[in-house]
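Trainee: Just passing along the structure, written as structure tokens.
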Amino acid sequence: MSVKVQQISKLYGTQKALDNVSLTIKPGEIVGLLGPNGAGKSTLMKILSCFIPPSSGSATIMGFDVQDQSIEVRRLVGYLPESNPLYSEMYIREYLTFIAGIHQLGKKTAGKVDEMIHLTGLEPEIHKKIHMLSKGFKQRVGISQALIHDPQVLILDEPTSGLDPNQLVEIRNLIKSIGKDKTVILSTHIMQEVEALCNRVIIINKGVIVADDLTDKLSNSKITEAIVVEFEQTIESADLMKIPGVKRVIKESNSWVIEPEAGRDIRQSLTKWAVDRQLIIVALKKKTLSMEESFHKFTQKS
Ligand code: ADP
Ligand code: MG
């Protein structure tokens, strides 16, 4: 296993940012950690990159414990923090050389710095100091520093937030190409990002994992199917909730979107319910909830 998290909780004072989180990530996976602000994504990433200790539980990177073997873990992990802190007065090459020094790359330093500059496409801006760079190029510098020691596991905290649409595509492509031979964990609150980049998505909300599945499975799975129905008569949501197997109903203009309990097909019982009450169904269709809707579904409940 590349990453193994066992029952990690993290308390900030009395606030629980992570609540008994467990997960494993296999080598080569690109995992999207998806969740609203405050879900605990950054906290989990900071623990995995040895920036903060968990309050309880344990985590290993390629078998090394993040608390007891943090030097080994730091060698194996590349981390791009959410705020992407850089030394803005430094030139790109100067900064990357400094980071290479921290990783004690020795004679390999100059070669590695050049390799990163080339890999992340920094050449056109290489003569600039970091504070002169656009946000997209700053992200490239951030990704370069995370990659310079050739880590096996790359942890990227909201790597595309604040980028314009062109920069977004470029950084996504960069992450995709890096992901070909590394394990990547990235966080985001953008569903499309996960769909575009990740082969697995872990949805986290209020410090708890609420869904963990392959990206295409999560967007197509049965539980994300709903029924859209329109009646000639006016209906109350409380009445619809009485139909066996109904989990939730939402009014959408003239129609009702009915979410069944996982794995249930409620069309028959819905039709019977309507007939018994002499209600007329004017439209009935299945609806697959998009990744976005599914995300809302999983993170709305308190
Ligand atoms: P996310 O990255 O998903 O937005 P975070 O991991 O940053 O979430 O935060 C999870 C929760 O922990 C939030 O409620 C946040 O306010 C709280 N939190 C994060 N860092 C600290 C800290 N250093 N001190 C106190 N509370 C914190
Ligand atoms: Mg965060």
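The values are calculated or read from the model by the stated rules, or taken from the named source; none is laboratory data. Keep in mind it's a predicted model, so treat the numbers as computed, not measured. With ideal geometry, Cβ positions are generated from the backbone for all residues, glycine too; neighbour counts draw on all protein chains shown. Please note that ligands, DNA and RNA were not included when accessible areas were found on the heavy atoms of the full protein model with its side chains. Shrake-Rupley method; radii C 1.70, N 1.55, O 1.52, S 1.80 Å.
Trainee: If amide hydrogens are placed 1.01 Å from N in the peptide plane, which non-local residues have theirs closer than 5 Å to the one on Tyr79?
Mentor: Ile155
Trainee: List the GluC sites (Glu not before Pro) within the range 57-106 that DSSP assigns to loop and that have no more than 15 neighbouring Cβ atoms inside 10 Å.
Mentor: Listed in order of number, the matching sites are Glu82, Glu89.
Trainee: Can you give the % of DSSP beta bridges in the chain that are antiparallel, to the nearest 5? Could the numbers behind the result be given before it?
Mentor: Numbers: 37 of 55 bridges.
Of those bridges, close to 65 percent are antiparallel.
Trainee: Still on this structure: If you count only protein heavy atoms with a 1.4 Å probe, what accessible area per residue comes out for the chain, rounded to a whole Å²?
Mentor: Numbers: 14900 Å² over 302 residues.
It amounts to 49 Å² per residue over the chain.
Trainee: Please list, or write none, the aspartates and glutamates whose alpha carbon is within less than 18 Å of the alpha carbon of Lys129, excluding same-chain residues fewer than 8 places away.
Mentor: Lys129 reaches Glu89, Glu94, Asp114.
Trainee: OK, next. Which distance in Å, rounded to a whole number, links the C-alpha centroids of the range 1-35 and the range 252-268?
Mentor: If we compute the Cα centre of each part, the gap is 33 Å.
Trainee: Quick one, what does Rg over Rh come out to for the range 151-268 if you take C-alpha atoms and the Kirkwood Rh? Provide the component values of the computation, followed by the final result.
Mentor: Working: Rg = 19.4 Å, Rh = 17.3 Å.
That ratio is 1.12, to two decimals.
Trainee: Let me ask you something else. When the accessible area of the chain is computed with all protein chains present and a 1.4 Å probe, what percentage of it is carbon and sulfur? Before the final figure, lay out the partial values.
Mentor: Working: 7530 of 14900 Å².
About 51 percent, which is the carbon plus sulfur part of the accessible surface.
Trainee: List the equivalent ellipsoid semi-axes of the range 1-126 in whole Å, largest first, each obtained as the square root of 5λ for an eigenvalue λ of the Cα gyration tensor. Working shown, then result.
Mentor: Details: eigenvalues 186, 58, 40 Å².
That gives 30, 17, 14 Å for the three semi-axes.
Trainee: How big is the dipole moment of the chain about its Cα centre under a simple scheme where the beta carbon of each Lys and Arg is +1, that of each Asp and Glu is -1, and everything else is neutral? Debye, nearest 20, please.
Mentor: The dipole magnitude comes to about 320 debye.
Trainee: Keeping all protein chains in the complex and leaving out DNA, RNA and ligands, what accessible area do you get for His118 with a 1.4 Å probe, in Å² to the nearest 10?
Mentor: Roughly 130 Å² of His118 is accessible to a 1.4 Å probe.
Trainee: Can you tell me the order of 6-17, 145-156 when each peptide is scored by its average per-residue count of other Cβ atoms within 10 angstrom, highest first?
Mentor: Descending mean neighbour count gives 145-156, 6-17.
Trainee: Let me ask something else about it. Quick one: P(r) of the chain from all Cα-Cα pairs, 10 Å bins, percents rounded to integers, in order of increasing distance.
Mentor: 6, 24, 27, 20, 12, 8, 4, 1, 0
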